[in-house]
Amino acid sequence: MSDYDIIIRGGTVIDGQRTPRFIGDIGIKAGKVAAITGKGGLSKKSADKIVDAEGLIVAPGFVDLHTHYDAQVFWDPYCSTGGWHGVTSVVIGNCGFGLAPVKPELRERAMLALTRNEAISYPAMKAGLPWTWETFPEFMNAIEKTPKGVNILSYIPLSPVIAYAMGGVDASKGRRATPEEMMTMKTIISEAMDAGACGISAQRLGESSLQRDYDGTPTVSDMMPFEDFLEVCSVLKEKGRGAIQVLGLTPEETEQVCEVSGAMVIYNVLALECDQHGMKTEGAWEAFADWMEDSNNRGHRVGAQAVTSGIDYEFTFEDWNLYDYSPLWRDLCMGTTAEKLEKMRDPIRRGAVRKEFDLLMESLSQPFNPDAGKEVAATALVQYSTVAENSVTLVDREDMQHYEGMTIRQIAAKENKHPVDTILDIAVADELRTTFATPPIHFDLAEMKRLLLRPHTIPGISDGGAHMKFSWFGRYPTEYLVNYVRIHKLVDLEYAHWHLSAVPALYAGLNDRGIIRIGMPADILVYNMEELGWTEAEKAYDLPAGDWRRITKGIGYRYIMVNGDITFVDGVSTNATPGVLLRHGHA
């Protein structure tokens, strides 16, 4: 009988605790780290598998705190793209969106809600979800029984809780909960916490919400009165544990939530220029970080998800929803293909969109002022970047392929058209099949370094499992290591792995993940720092019902291990599914 299941020999160990690196051996047995020595310390020990890590980095698997793999886990055990980029634990149920609790007769409505606010494929959900649950504890049981290649932890998404207690999604909008309904919500949350959930998630963006219901209206939690939100959050104080992930609160509201719940509040989102949806945040991040630090010093526990990935998209108007903040664009981008085409041809609608675009362009010539012209300031970056500066990457019609490689601004100048007319003319002529690419956002590196080093920041955001037809931000851990460590040297590896693994594990309430330590589960990466990177984004027809998504895979990861089992070798799956449901923050 071997001494260990796996011995990793001679690697440069970065343990996730900001301990200085060292070259050493790691022994793994029964899914856990059983020994950590200097180089050669296990040379006389035997193992079923020897991993030669000389010249390679050995580090803890990444913890992705912001994902929407709630549906995808039922057909993709590795929760890719994240699982291809070294993510070994994910937290689902973010932003108040999810699949439980849901009454059987309302399952269709629950899936429809996710088709727009998170752009999750309806055909894939329809074909791939087993729907063996109604309550949240039953949903957790279903996750537990499903083969997994990563570990799963879940928030309690608030929107389905409200809908369950108040007679459905549509019946719950536009009114306050009765005392009986509020009691039902609190009972659901209490039982979900008892079943092992890590806290509550909610989106609170109000009438101007970017991520909307399938019919274009705000989501259920967007419209929940703040007083009701505080009341449901109070359940966590009764439990004495848990976190609250939320987007759309003011600093003052955030502190009220901290006081009522006694919980960690994870704010979304802290960003240099724009969030993961392209919404403008310029000029606000340092003031928010200052407030967050002061708030923690005064006894509140507040952290913020920070956008550390480049923001770039490829999209067609068949699926695009990130113009939804604008009622005018939202109108154009909703409905069937035939309905969209009719609306995009409408001269009255076009005239209104042109006028809005011109106003936005004018606003860009003025100093950014978040208090003046709020509607313009908030939408300026996304509208500007994804209209005039879009490039045409792929056109279906042969007679229009000369546009490929040109920006909308270039085409508009050549054809003497307004940029709005230009992009809509191309989209309509190609029956919405043209692929457009947004220009990548180039972060100021000095600012990014300050952001990374600020306390209470959590790097990301992947939005894994959502927006799959136009984004692939699950690459963010690889991007962090390549751009901010290897190329630009903004932080060292010790800080990076602490930031990417230990920090999110702490905020999620994960008690046994994010670091390499004797007795801890062996979620471990072995990678070549010089080779680390990612593939070009491509279409993959790997969803249920033959549907597709855009993906990018990690390069340079020699081994990915979850609970002591190897799940990937040089990017190739071993088909092992050692992932577990992390109830109450541990296996």
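Looking only at the stretch 111-137, residues that are part of a loop (DSSP other than H, G, I, E, B), touching a residue at least 60 places away in the same chain (Cβ under 8 Å) and not β-branched (Val, Ile, Thr) come to 3 in all.
Counting only residues that are at pLDDT 95 or above and either charged (D, E, K, R) or surrounded by fewer than 24 Cβ atoms within 10 Å (Cβ to Cβ) (or both), the stretch 510-547 holds 25 of them.
Considering the stretch 406-446, and only residues there that are part of a helix (DSSP H, G or I) and of a type in the set (Gly, Ala, Ser), the residue that is surrounded by the most Cβ atoms within 10 Å (Cβ to Cβ) turns out to be Ala427. Within the stretch 1-38, if we keep just the residues that are small (Gly, Ala, Ser) and buried (at least 17 other Cβ atoms within 10 Å of the Cβ), the residue that is nearest to Ala587 (Cα to Cα) turns out to be Gly31.
Let's see how each residue does on (1) β-branched (Val, Ile, Thr); (2) more than 22 Å from the chain's Cα centre (by Cα); (3) part of a strand (DSSP E or B):
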{"site": "Thr19", "(1), (2), (3)": "yes, yes, no"}
{"site": "Ile26", "(1), (2), (3)": "yes, yes, yes"}
{"site": "Ala35", "(1), (2), (3)": "no, yes, yes"}
{"site": "Gly40", "(1), (2), (3)": "no, yes, no"}
{"site": "Lys49", "(1), (2), (3)": "no, yes, yes"}
{"site": "Val58", "(1), (2), (3)": "yes, yes, yes"}
{"site": "Asp70", "(1), (2), (3)": "no, no, no"}
{"site": "Cys79", "(1), (2), (3)": "no, no, no"}
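Checking the stated criteria, Ile458 turns out to be under 22 Å from Leu247 (Cα atoms) and touching a residue at least 24 places away in the same chain (Cβ under 8 Å). With respect to the conditions (1) out of contact with any strand residue (DSSP E or B) (no Cβ under 6 Å at 6 or more places or on another chain); (2) closer than 30 Å to Ser201 by Cβ, Ile423 lacks only one, and its number is (2).
Enumerate the strands (runs of 3 or more DSSP E) found wholly within the stretch 502-559, keeping only those where 1 or more residues are farther than 29 Å from Gly31 by Cβ.
538-540, 549-551
From the list Pro459, Pro455, the lone residue that is farther than 15 Å from Met406 by Cβ, in a loop (DSSP other than H, G, I, E, B) and outside the structural domain of Ala352 (by TED's automatic domain parsing) is Pro455. Each residue in the stretch 326-366 was checked for being among the aromatic types (Phe, Trp, Tyr) and more than 24 Å from Asp213 (Cβ to Cβ), and 1 of them qualify.
Residues of the stretch 151-173 being assigned to a loop (DSSP other than H, G, I, E, B) and of a type in the set (A, V, I, L, M, F, W, C), which ones? Of everything in the stretch 151-173, just one residue is assigned to a loop (DSSP other than H, G, I, E, B) and of a type in the set (A, V, I, L, M, F, W, C), namely Met166. In contact (Cβ under 8 Å) with a residue 24 or more places away in the chain, outside any helix (DSSP H, G or I) and assigned by TED's automatic domain parsing to the domain that holds Asp319, is that true of Leu490? The answer is no for Leu490.
Residue-wise test of (1) out of contact with any Gly (no Cβ under 7 Å at 6 or more places or on another chain); (2) outside any loop (DSSP other than H, G, I, E, B); (3) at pLDDT 90 or above.
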{"position": "Arg241", "(1), (2), (3)": "no, no, yes"}
{"position": "Val260", "(1), (2), (3)": "yes, yes, yes"}
{"position": "Trp291", "(1), (2), (3)": "yes, yes, yes"}
{"position": "Gln305", "(1), (2), (3)": "no, yes, yes"}
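Whether any residue in the stretch 439-448 is modelled with pLDDT of 95 or more, over 22 Å from Arg345 (Cα atoms) and among the small types (Gly, Ala, Ser) is what I want to check. Checked against the condition, which is being modelled with pLDDT of 95 or more, over 22 Å from Arg345 (Cα atoms) and among the small types (Gly, Ala, Ser), the stretch 439-448 yields no hits at all. Among the conditions (1) touching a His at 6+ places or on another chain (Cβ under 7 Å); (2) over 29 Å from Ala197 (Cβ atoms), the only one that Gly16 does not satisfy is (2).
Scanning the stretch 221-239 for residues that are assigned to a loop (DSSP other than H, G, I, E, B) and within 19 Å of Gly299 (Cα to Cα) gives a single hit, Ser234.
Of the residues making up the stretch 565-587, those that are under 26 Å from Tyr155 (Cα atoms), of a type outside the set (A, V, I, L, M, F, W, C) and in a loop (DSSP other than H, G, I, E, B) are Thr577, Gly579, His584, Gly585.
Conditions (1) of a type in the set (A, V, I, L, M); (2) within 30 Å of Pro251 (Cβ to Cβ); (3) in a loop (DSSP other than H, G, I, E, B); (4) touching a residue at least 24 places away in the same chain (Cβ under 8 Å), marked per residue:
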{"residue": "Phe317", "(1), (2), (3), (4)": "no, no, yes, yes"}
{"residue": "Asn321", "(1), (2), (3), (4)": "no, yes, yes, yes"}
{"residue": "Gly335", "(1), (2), (3), (4)": "no, no, yes, no"}
{"residue": "Glu342", "(1), (2), (3), (4)": "no, no, no, no"}
{"residue": "Lys355", "(1), (2), (3), (4)": "no, no, no, no"}
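I'd like to check something: does the stretch 250-260 contain any residue that is within 30 Å of Asp312 (Cα to Cα) and hydrophobic (A, V, I, L, M, F, W, C)? No; the residues of the stretch 250-260 include none that is within 30 Å of Asp312 (Cα to Cα) and hydrophobic (A, V, I, L, M, F, W, C).
The values are calculated or read from the model by the stated rules, or taken from the named source; none is laboratory data. In this text, all values refer to a predicted model and were calculated from it rather than measured experimentally. Backbone-built Cβ (ideal geometry, glycine too); neighbour counts: all protein chains shown.
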